[in-house]
């Protein structure tokens, strides 16, 4: 388990950057719409199973593989790849784990990049630490999703936490993240972590206990996907809010 987090540590880290909320620009949402992997030898794209054949090339030349995601109709980002560590479909979603040259291991779910090894700490520290530091005496944390283990890792850095429940619906995602994302290995082995494979909505509904902190470390709300229902107002009001202790934070 990593070192204990202090208020000074959080302030020094957070004071160096701004948190910006992206909003639609010109009618287009700031969200990736497609994922493509182009290979010089005509391997299939990562998500839709089609093939983009490249023109014949001199075999002595070096060609790279790239991950590409469309953000807007006139904006895409691309990352050079070392390899594709995993590609497949679980019962719930399409999954890819890519090893990129600049950003390390990258998790892609349903065609949208979820996190990158080099900078995921920024997102997960912002997700977890403000609530835990603002609460006067947090003991229990419930993480909706979070299958890669990064949110649990950050929560478990607080020595006063008694239990972290991480509830992810997709066991396949959890298993390959445990295998490949070694930075979170200690979190998965921590005795304070209670890993539950279930739909977070169903899990909260059946549990009788309440929590000091509830967070959502979820994939994008793709319509028809497993996370869509966890972004609705009715879920927040009728299911999540009643599961917070007095002075609980979501």
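Each of residue 162 and residue 91 was given a label point 7 Å from its Cα along the Cα-to-Cβ line. The distance between the two points is 3.2 nm.
Between residue 202 and residue 135, the contour length at 0.36 nm per residue exceeds the alpha carbon distance by 21.5 nm. In terms of overall dimensions, the stretch 120-245 has a Cα radius of gyration and Dmax of 13.7, 38 angstrom.
Here the stretch 195-214 is scanned for amide nitrogen atoms under 12 Å from the site 7 Å beyond the Cα of residue 229 along Cα-to-Cβ, giving 199-206.
Mind pulling up the Rg/Rh value for the stretch 100-189? Radius of gyration and Kirkwood radius, both on Cα. In the stretch 100-189, Rg relative to Rh is 0.97.
Coordinate-derived values only; no laboratory data. Source: prediction; values computed, not measured. Virtual Cβ from ideal backbone geometry, glycine too; neighbours counted across all protein chains shown.
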